[in-house]
Amino acid sequence: MATSLKLVPAVLLPSLGKIGQTFVDLSRSGYGGTPLYDHYLITMRRLFLALFFAVIIGIPLGLLSGYVRWVNAMVDPLIQFIRPIPPLAYYTLLILWLGIGEPSKIMLLFWAALPPIYISCFDAVQRIDGEYLQSAASLGASRRQIFFNIVFPVALPDIFTGLRSAVGVAYTTIVSAEMIASSSGVGWMIIDSSHYLKSDVMFVGIILLGVTGVLIDWLLKKLAQRIVHWRGKK
């Protein structure tokens with residue numbers, strides 16, 4: 001309405017019809033010589049690879065850090081040091097160390113996603129009711145049995161919460177990861193189109209990322225409801 005009434009220039013706020021037509025055109029002819037679905041798949045590949053490594057490293061580190069003191073003494077200071085630093089602050093270092101290819105982009109997303117997963121796992125272990133641990137120990141359970149049969153199941157709801165937070169943080173970093181020394185991905189498409197005032201292309205990329213983010217979060221919530229059926233029960 002604002003655009004049709006010329007309250008706002010169309011170059012700043014394109015109409016929904018223009019955005020829809022641009023999406024169709026991009027689906028047919030692509031952007032920058034690359035099909036739109038390729039840009040999308042490249043971005044998702046970077047995101048999910050980074051999340052995969054953040055999960056397989058962050059969950060064990062967080063659980064062990066909350067359960068074993070010497071692990072906490074070694075790992076926690078590093079995570080707490082990295083956590084408040086904006087990802088772009090060390091992106092140039094990652095490019096210097098790993099080059100301008102895929103490793104630096106995936107590593108940036110990995111470091112963005114790791115702290116939320118680690119902290120959620122660590123806090124979950126710290127909040128475990130001591131009666132659980134004492135009862136298991138009094139019945140002769142080993143530390144390994146206590147960890148896998150009590151600590152991990154109790155922490156699992158918070159692990160999913162941390163995973164959802166990690167997806168959000170990594171998602172907000174994806175444009176930063178693709179804005180430097182890149183020529184592919186939805187984030188790059190948004191940044192590149194902004195240089196030529198192609199706001200319709202920018203909106204297509206933003207809406208595409210937004211819808212995908214909502215779907216990923218919805219899937220994680222459904223997965224948590226199915227797997228962690230004991231959540232909220234004592």
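The values are calculated or read from the model by the stated rules, or taken from the named source; none is laboratory data. All figures in this text were calculated on a predicted structure; none of them were measured in a lab. With ideal geometry, Cβ positions are generated from the backbone for all residues, glycine too; neighbour counts draw on all protein chains shown. Heavy atoms of the whole protein, side chains included, go into the accessibility calculation; ligands, DNA and RNA do not. Shrake-Rupley method; radii C 1.70, N 1.55, O 1.52, S 1.80 Å.
The C-beta contact set for segment 203-218 (first residue within 15 Å of G168 (Cβ to Cβ), second residue open to solvent by less than 20 Å² (accessible area, probe 1.4 Å) and at pLDDT 95 or above, distance under 6 angstrom, 6+ apart or interchain) is empty.
Any residue in segment 130-152 that is basic (K, R), at pLDDT 90 or above, in a helix (DSSP H, G or I) and closer than 30 Å to R69 by Cα? The answer is no; no qualifying residue exists.
Looking across segment 17-35, the residues that are closer than 12 Å to V201 by Cα and either modelled with pLDDT of 95 or more or assigned to a helix (DSSP H, G or I) (or both) come down to K18, I19, G20, Q21, T22, F23, V24, D25, L26, S27.
When I95, I85 are checked against the criterion of being in contact (Cβ under 8 Å) with a residue 60 or more places away in the chain, among the β-branched types (V, I, T) and under 26 Å from I174 (Cα atoms), I95 stands alone in meeting it. Quick one: in segment 84-116, which of the residues that are assigned to a helix (DSSP H, G or I) and of a type in the set (V, I, T) is farthest from R46 (Cα to Cα)? Ranking the candidates gives T92 first. With respect to the conditions (1) in a helix (DSSP H, G or I); (2) open to solvent by 60 Å² or more (accessible area, probe 1.4 Å); (3) modelled with pLDDT under 85, A177 lacks only one, and its number is (2). For the condition open to solvent by 20 Å² or more (accessible area, probe 1.4 Å) and in contact with a helix residue (DSSP H, G or I) (Cβ under 8 Å, 6 or more places away or on another chain), P84 does not qualify.
Go through the residues of segment 119-129 one by one and say whether even a single one is among the hydroxyl-bearing types (S, T, Y) and touching a Gly at 6+ places or on another chain (Cβ under 7 Å).
Taking every residue of segment 119-129 in turn, at least one turns out to be among the hydroxyl-bearing types (S, T, Y) and touching a Gly at 6+ places or on another chain (Cβ under 7 Å).
Residues are listed down the side, and each one gets a yes or a no for (1) open to solvent by less than 30 Å² (accessible area, probe 1.4 Å); (2) within 18 Å of S194 (Cα to Cα); (3) free of Cβ contacts under 8 Å to residues at least 24 places away in the same chain; (4) not aliphatic (A, V, I, L, M):
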position	(1), (2), (3), (4)
G17	no, no, yes, yes
M44	yes, no, no, no
V55	no, no, no, no
L63	yes, no, no, no
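Taken as a whole, the structure places S193 among residues that are among the hydroxyl-bearing types (S, T, Y), in a helix (DSSP H, G or I) and in contact with a strand residue (DSSP E or B) (Cβ under 8 Å, 6 or more places away or on another chain). When you scan segment 193-203, do you find a residue that is more than 26 Å from V55 (Cβ to Cβ), modelled with pLDDT of 85 or more, open to solvent by 30 Å² or more (accessible area, probe 1.4 Å) and in contact with a Pro (Cβ under 8 Å, 6 or more places away or on another chain), even just one? Checked against the condition, which is being more than 26 Å from V55 (Cβ to Cβ), modelled with pLDDT of 85 or more, open to solvent by 30 Å² or more (accessible area, probe 1.4 Å) and in contact with a Pro (Cβ under 8 Å, 6 or more places away or on another chain), segment 193-203 yields at least one hit. Per this entry, V211 is counted among residues that are more than 23 Å from G66 (Cβ to Cβ), open to solvent by 60 Å² or more (accessible area, probe 1.4 Å) and outside any loop (DSSP other than H, G, I, E, B).
Taken over segment 112-132, the criterion of being out of contact with any helix residue (DSSP H, G or I) (no Cβ under 6 Å at 6 or more places or on another chain) and of a type outside the set (V, I, T) is satisfied by D123, R127, D129, G130, E131.
Considering only segment 140-154, I want to know if a residue exists there that is of a type outside the set (F, W, Y), open to solvent by less than 60 Å² (accessible area, probe 1.4 Å), out of contact with any Cys (no Cβ under 9 Å at 6 or more places or on another chain) and closer than 26 Å to I216 by Cα. Within segment 140-154, one or more residues are of a type outside the set (F, W, Y), open to solvent by less than 60 Å² (accessible area, probe 1.4 Å), out of contact with any Cys (no Cβ under 9 Å at 6 or more places or on another chain) and closer than 26 Å to I216 by Cα. Selection over segment 19-42 of residues that are open to solvent by 70 Å² or more (accessible area, probe 1.4 Å) and touching a helix residue (DSSP H, G or I) at 6+ places or on another chain (Cβ under 7 Å) gives a count of 1.
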